[in-house]
Amino acid sequence: MKKITKQTYLNWYKDMLFWRKFEDKLASVYIQQKVRGFLHLYNGQEAVLAGSLHAMDLTKDKMITAYRNHVQPIGMGEDPKRVMAELYGKATGTSHGMGGSMHIFSKEHRFYGGHGIVGGQIPLGAGLAFADKYKGNDAVTLTFFGDGAARQGSLHETFNMAMNWKLPVVFIVEDNGYAMGTSVERTANHTDIWKLGLGYEMPCGPVDGMNPIKVAEAVDEAIQRARRGEGPTFLQVKTYRYRGHSMSDAQHYRTKEEVEEYKKIDPITQVLNVIKEKKYATDKEIEAMNQEVKDLVKECEKFAEESPYPEINLLHDVVYEQEDYPFIK
Ligand SMILES: Cc1ncc(C[n+]2csc(CCOP(=O)(O)OP(=O)(O)O)c2C)c(N)n1
Ligand SMILES: [Mg+2]
């Protein structure tokens, strides 16, 4: 694995803080109805992404996830201004403003969405990996999904085929404890989701998802296994989301105390504590990073605010059309 250095910690701090503040901004402009539709935020889960990105080769590896998908493309290299503009429904967005919150996509940076159908991306992730294996590309696909999605039947069909064909894919369940308001405890007779891999003899296990180092180590091992041609791995990464499922969630299913407990092991605080302990940055340098993050979020907001809406004619460009389609007159 790439060494975890002082620079890694500083990058993790700045990136995770930016992702969090970027989404805090989204929450506030959502209330002002500048962003419409659904909005599922990632606050609290940042270490899963930070650790995974550290283990990936960003020149070739791929990523696919569900609808909690605003910061992953940024991590993969997409311009955050374009992501913010997409959420505003503006023409400068990643899909010209026609996808919106749940459908961020960046083929250029190998980020394949952004999927609203729970678990829909599990077979798609295996499909991306199949294509790479078929074409002889040395790439691995990281397929993320939630604890709720892990209970979809398509997971089993996908796991079977992925193991049978030894596809270069890493399946990562981001277990944030809840599927909307339904806790993991309520949907199965045990909470060790990683054990679903055992039935397929797929290497699998649990991971501490509040610590980017733990995530990086586990994902690195899985990626190396896939690169050696030994097939998939299934990781249950235990994490937590601080905000509601989506913006309209009264959160009656959990206590404030529970949220506060997780904030004590917040990934950003954990990384900042190491930076302070090891004197990787002075208070002044940390303050400068905080300011840089604030400025960048502002820049994204300004870009989205000032961008135009797409031309109405663009709508026709994204509708499938085939003149000789045989089934309609
Ligand atoms: C097939 C399908 N069923 C139901 C829904 C409604 N739905 C949207 S999100 C969600 C919960 C999924 O929870 P989880 O997989 O744990 O992901 P998280 O939101 O926690 O990231 C449900 C049931 C849906 N979008 N698609
Ligand atoms: Mg969940």
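The values are calculated or read from the model by the stated rules, or taken from the named source; none is laboratory data. Computed from a predicted model, the values in this text were never measured in an experiment. Virtual Cβ from ideal backbone geometry, glycine too; neighbours counted across all protein chains shown. Ligands, DNA and RNA are excluded from the accessible area calculation, which covers all protein heavy atoms including side chains. Shrake-Rupley method; radii C 1.70, N 1.55, O 1.52, S 1.80 Å.
Things to note:
- Residue under evaluation G244, criteria (1) free of Cβ contacts under 8 Å to residues at least 12 places away in the same chain; (2) in a helix (DSSP H, G or I), criterion not met: (2)
- Only one of the numbered conditions (1) in a loop (DSSP other than H, G, I, E, B); (2) free of Cβ contacts under 8 Å to residues at least 12 places away in the same chain is violated by R254, and that is (2).
- In the stretch 239-268, the residues that are open to solvent by 70 Å² or more (accessible area, probe 1.4 Å) and within 21 Å of the chain's Cα centre (by Cα): R243, S248, K263, I265
- Residue that is nearest to Q121 (Cα to Cα) [pool: residues in the stretch 132-156 that are without any contact (Cβ under 8 Å) to a residue 40 or more places away in the chain and within 16 Å of ligand 2 (Cβ to nearest atom)]: Q152
This table checks each residue for (1) part of a helix (DSSP H, G or I); (2) near ligand 1 (Cβ under 10 Å from one of its atoms); (3) in contact with a Ser or Thr (Cβ under 6 Å, 6 or more places away or on another chain); (4) β-branched (V, I, T).
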{"position": "T158", "(1), (2), (3), (4)": "yes, no, no, yes"}
{"position": "G197", "(1), (2), (3), (4)": "yes, no, no, no"}
{"position": "M202", "(1), (2), (3), (4)": "no, no, no, no"}
{"position": "G205", "(1), (2), (3), (4)": "no, no, no, no"}
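- Residue list for the stretch 157-179, filter: without any contact (Cβ under 8 Å) to a residue 40 or more places away in the chain and within 12 Å of Q121 (Cβ to Cβ): T158
- The residues of the stretch 20-39 that are crowded, with 19+ Cβ neighbours inside 10 Å, in contact with a Phe, Trp or Tyr (Cβ under 8 Å, 6 or more places away or on another chain) and closer than 14 Å to A85 by Cβ amount to a single one, V35.
- Only a single criterion out of (1) within 16 Å of ligand 2 (Cβ to nearest atom); (2) surrounded by fewer than 14 Cβ atoms within 10 Å (Cβ to Cβ); (3) in a loop (DSSP other than H, G, I, E, B) is not satisfied by N189, namely (1).
- Residue satisfying all of: in the stretch 166-180; outside any loop (DSSP other than H, G, I, E, B) and surrounded by 24 or more Cβ atoms within 10 Å (Cβ to Cβ); farthest from ligand 2 (Cβ to nearest atom) among these: V169
- Scanning the stretch 299-326 for residues that are within 24 Å of G99 (Cβ to Cβ) and without any contact (Cβ under 8 Å) to a residue 24 or more places away in the chain gives K302, E306, I312, N313, H316, D317, V319, Y320, E321, Q322.
- Any hit, the stretch 296-306, residues being surrounded by 18 or more Cβ atoms within 10 Å (Cβ to Cβ), modelled with pLDDT of 95 or more and either touching a Gly at 6+ places or on another chain (Cβ under 7 Å) or in a loop (DSSP other than H, G, I, E, B) (or both): no
- Residues in the stretch 207-241 that are within 16 Å of ligand 2 (Cβ to nearest atom) and assigned to a loop (DSSP other than H, G, I, E, B) were compared, and the one that is nearest to L167 (Cα to Cα) is G209.
- Positions within the stretch 117-131 being part of a helix (DSSP H, G or I) and either away from ligand 2 (no atom under 15 Å from the Cβ) or surrounded by fewer than 20 Cβ atoms within 10 Å (Cβ to Cβ) (or both), in sequence order: P123, L124, G125, A126, G127, L128, A129, F130, A131
- Filter pass, N211 being within 13 Å of ligand 1 (Cβ to nearest atom) and either under 27 Å from D57 (Cα atoms) or crowded, with 23+ Cβ neighbours inside 10 Å (or both): no
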